[in-house]
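Chemist: Shown below is the structure under consideration.
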Amino acid sequence: MRKVRLAPLLLILAAPAFSGPFLYVSNERAGTVTVIDTATEKPVETLRVGARPRGIHVGPDGKTVYVALSDTAREARSTADSIVAIDAVRRKAVARFDGGSDPEQFAVSRDGARLFVANEDAGTASVTDLATRKVIATLVVGIEPEGVAISPDGRWVYVTAETSNTVSVIDTRKNEVVASFLVDSRPRAAAFSPDGTRAYVTAEIGGSLSVVDVARHQVIRTIDLPGSRPVGVVVAPDGKLVWVANGHGHSVAVVDPVQGKVVATIPVGKRPWGIVMTHDGRKVYTANGVSGDVSVIDTASRKVVATIPAGAGAWGVALGR
Amino acid sequence: MITTRRELLLLVLGTAVAGQSKRTVRLGLLLPLEPGVELGVEEARRMAELVGVNLDVRNEGTGVAAAISRHAAKEPGSPLGSPLLIVGPVEEGSIVHPRVFHVASSPRRRREALAAAPAGARAVDWHPDLARYGAEQLNRRFEERFDLPMTEDAWRGWMAVKIAAEAALCHPEADLAQVLPTMRFDGHKGAALRFGPEDHHLDQPVYLAGPDGKLLPGD
């Protein structure tokens, strides 16, 4: 009799202790966001956001998930263009912000007050104030801007541009473009090292990773990634290795930026784009667009340890607290 | 080597002019006033402006272009001062001049593409209905700018200026005839485009259009 009474109590205690942090995956063709529990590596909910969700980030307090939406087929600026805020606890859309035309990638300021958004078709970057929900600055950047990254101290935002092969540097104190520099062919994404001294920019057609000295906003080295199609990029918390999603190469390249070479290539799902690392550096997640799933890499063994179903056209990944 | 009136020529001077605080890079063009070329020049100027370079573009027109091309074809050893980018293809097996490069896909590449194609199909280097690999963005940008679809000729003109500008901006001090074969270019085709070491044509994906001009499935 005593055993029968205890069993349900133990189950209730065990369940919440092992949940989260949660991973959020934007699915550009399905028009949804998949919520994955990283404790179980299983999807727990699919949120319909509509239009074409691509860029996705969690705000600094971990309470809000921001998703960039644009139209799937379009001639001009669409009414679907916006950044939607999802309450991470209730898992419901709670606000919608103007992010300028055709928003794709963006970054959240370190104080959580602003968004810096690349507007692909307009060749601009928009600065959105989250309190007033308005665009407070529209800055001219390169042609077909794509990747957006913010430095750890929040001072610099790098915006890559696919057609002009440039990175534009926004000084977030002034909301002005203060520098631009050339990188390799078709730059897609950028990421800063945790100490903020280096930034890494992927070039899809160049098949390379540019290493940038952030103090001078200058490329100091371009690392060739043989046979790769680099897109998304993330830096390990200790800053030693850079993990690059290889898009049409269907793999992840692990790059040692000091040695200037690829130290491992890990096959993942089809067309990985977004890539994120857990805060403890133990796992890497990629959103795979063609296979519509998420690959989980154990960074110690450098092997895929799980594949989690997401939605059609899985594109971006963001990790909650 | 056969040249036709439709072939566009681009003469790349790419000379860095020192002495000013803002670096100047000179681009000498021998191109018709054609929308693809126009968009290419506009974007090249913007790219240069972004990185603090004054791009001095001079378009001398097409008058002397064919003559230079014919001269280069007859005498592959002739000392052409600047590399030439020819937009159109030449016949298979033509003599390759070490300083002449072709933006069009090679005749061999087009022949291979047509080998398995349905009757009446045409191999094209570009089509206004292409959408993948950023083609949709380029097609939309062109159409919004000129209210015209981006044809194969327009793409080649745009690509020629992009190649010349990238080479001149990234290697302002170099002999561009040496640099061009080492570079990889993005033509919104999902592949790194390079000049073939033997035929000097830009190696690139080609597409098939049906007799009605419509893009055939596959891309």
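The values are calculated or read from the model by the stated rules, or taken from the named source; none is laboratory data. Not measured: the values here are computed from a predicted model. Note that we place each Cβ from the backbone using ideal geometry, even for glycine, and neighbour counts take in every protein chain shown. In case anyone asks, the SASA skips ligands and DNA or RNA and just uses the protein heavy atoms, side chains included. Shrake-Rupley method; radii C 1.70, N 1.55, O 1.52, S 1.80 Å.
Chemist: Amide H of A:Val183 versus every other amide H placed in the peptide plane: which residues, excluding those fewer than 5 positions away on the same chain, fall under 5 Å?
Modeler: Answer set, sorted by chain and number: A:Thr166, A:Val167.
Chemist: On the full set of protein chains, 1.4 Å probe, figure out the accessible area of A:Asp213 and give it in Å² to the nearest 10.
Modeler: Surface accessible to solvent at A:Asp213 totals approximately 30 Å².
Chemist: For helix A:2-17, what angle does its Cα long axis make with the longest principal axis of chain A, in degrees from 0 to 90 and rounded to 10?
Modeler: 10 degrees
Chemist: Give me the accessible area of A:Lys261, 1.4 Å probe, in Å² rounded to the nearest 10.
Modeler: Surface accessible to solvent at A:Lys261 totals approximately 100 Å².
Chemist: Continuing with this model, one more query. Order the following by accessible area, largest value first: A:Lys92, B:Lys189. Probe radius 1.4 Å; ligands, DNA and RNA are ignored.
Modeler: The most accessible residue leads, giving A:Lys92, B:Lys189.
Chemist: Taking every pair of alpha-carbon atoms in the range B:80-219, give the share separated by more than 25 Å as a whole percent.
Modeler: 28 percent
Chemist: Output needed: percent of Cα pairs per 20 Å distance bin for chain A, bins running from 0 to the one holding the longest distance.
Modeler: Reading upward from the zero bin: 35, 57, 7, 1.
Chemist: List, in order, the whole-Hz ³J(HN,Hα) value for each residue of the range A:253-261 obtained from phi through the Karplus relation with A = 6.51, B = -1.76, C = 1.60 and θ = phi - 60°; use x for Gly and Pro.
Modeler: Here the 3J(HN,Hα) series is 9, 9, 10, 9, x, 6, 6, x, 8 Hz.
Chemist: Still on this structure, I have one more. For B:Asp56, enumerate residues with amide H under 5 Å from its amide H, sequence gap 5+ or separate chain, H modeled in the peptide plane.
Modeler: Counting only residues 5 or more places away or on other chains, the set is B:Val25, B:Arg26, B:Leu27.
Chemist: For the range A:131-256, what is the accessible area per residue in Å² when the probe is 1.4 Å?
Modeler: Here the residues of the range A:131-256 average 32 Å² of exposed surface.
Chemist: Moving on. Can you sort A:Val135, A:Val169 by 1.4 Å-probe accessible area, starting with the largest? Display every interim value, and only then the final one.
Modeler: On the way: A:Val135 45, A:Val169 0 Å².
Ranked from most to least accessible, the order is A:Val135, A:Val169.
Chemist: Also: Find the sum over both chains of the accessible area lost when A and B are paired, probe 1.4 Å, and report it in Å² to the nearest 100.
Modeler: 2100 Å²
Chemist: What FRET efficiency, computed as 1/(1 + (r/R0)^6) with R0 = 25 Å and r the Cβ-Cβ distance, is obtained for A:Arg48 and A:Thr307, rounded to the nearest 0.05?
Modeler: Values: r = 23 Å, r/R0 = 0.93.
Using R0 = 25 Å, I get an efficiency of 0.60.
Chemist: For the range A:129-172, I need the span (max minus min coordinate) of the C-alpha atoms along each principal axis, in Å, sorted largest to smallest.
Modeler: That gives 33, 23, 13 Å along the principal axes, largest extent first.
Chemist: With the full set of protein chains in place, find how many percent of the accessible area of the protein assembly as shown is carbon and sulfur; take the probe as 1.4 Å.
Modeler: Using a 1.4 Å probe with all protein chains present, the protein assembly as shown comes out at 52 percent carbon and sulfur.
Chemist: Hey, another quick one. In deg cm²/dmol, rounded to 500, what helix-only [θ] at 222 nm does chain A give when every DSSP H run of at least 4 residues adds -39500 (n - 2.57) and the total is split over its residues?
Modeler: Estimated from H runs of four or more residues: -1500 deg cm²/dmol.
Chemist: Starting at the first residue of the range A:37-42, write each ³J(HN,Hα) from the Karplus equation 6.51 cos²θ - 1.76 cosθ + 1.60 with θ = phi - 60°, in whole Hz, x for Gly and Pro.
Modeler: With coefficients 6.51, -1.76 and 1.60, one gets 8, 6, 6, 9, 6, 10 Hz.
Chemist: Hull surface divided by four, with the convex hull built on the Cα atoms of the protein assembly as shown: how many nm²? Before the final figure, lay out each step's value.
Modeler: Values: hull surface 114.5 nm².
That works out to 28.6 nm², a quarter of the Cα hull's surface.
Chemist: What does a probe at B:Lys214 reach in the range B:95-129, counting residues whose amide N is under 13 Å from the point 7 Å along Cα→Cβ?
Modeler: Counting backbone N atoms under 13 Å from the label point, the list is B:129.
Chemist: Pull up all non-local amide H partners of A:Gly292: gap of 5 or more, or a different chain, and H-to-H distance under 5 Å with H placed in the peptide plane.
Modeler: Correct list: A:Gly313, A:Ala314.
Chemist: Can you run phi through the Karplus equation (6.51, -1.76, 1.60; θ = phi - 60°) for the range A:152-165 and list ³J(HN,Hα) in whole Hz, with x for Gly and Pro?
Modeler: Karplus values, whole Hz, x for Gly and Pro: x, 7, x, 6, 10, 10, 9, 10, 8, 9, 5, 8, 8, 6.
Chemist: Going by average Cβ density within 10 Å per residue, which order do the peptides A:136-147, B:106-117 take, highest to lowest? Don't skip to the end; give the middle numbers.
Modeler: On the way: A:136-147: 21.8, B:106-117: 15.2.
Descending packing order for the listed peptides: A:136-147, B:106-117.
Chemist: Put simply, what bits of the range A:181-215 lose 50 Å² or more of accessible area when the other protein chains are there, versus the chain on its own (1.4 Å probe)?
Modeler: Listed by number, the residues meeting the 50 Å² cut-off are A:Leu182, A:Arg186, A:Ile205.
Chemist: Using only the alpha-carbon atoms of the range B:156-216 as identical scatterers, what base-10 log of I(q)/I(0) does the Debye formula give at q = 0.13 Å⁻¹?
Modeler: Ignoring solvent entirely, the Cα scatterers give -0.42.
Chemist: Between A:Ala131 and B:Ala191, what FRET efficiency comes out of the Förster formula 1/(1 + (r/R0)^6) with R0 = 41 Å and r the beta carbon distance, rounded to 0.05? Please list the in-between numbers first.
Modeler: Details: r = 45 Å, r/R0 = 1.10.
Between B:Ala191 and A:Ala131 the formula returns 0.35.
Chemist: In nm, to one decimal, how far is the B:Glu173 label point from the A:Asp61 one, both placed 7 Å along Cα→Cβ?
Modeler: Placing both labels 7 Å beyond Cα along the Cβ direction yields 5.4 nm.
Chemist: In addition: Roughly how many Å² of A:Leu47 are accessible to a 1.4 Å probe, to the nearest 10?
Modeler: Only protein atoms counted, so the area is about 20 Å².
Chemist: Let's see if you can work this out: charge +1 on each Lys and Arg Cβ, -1 on each Asp and Glu Cβ, no other charges. What is the dipole magnitude of the protein assembly as shown about its Cα centre, in debye to the nearest 20?
Modeler: 1700 debye
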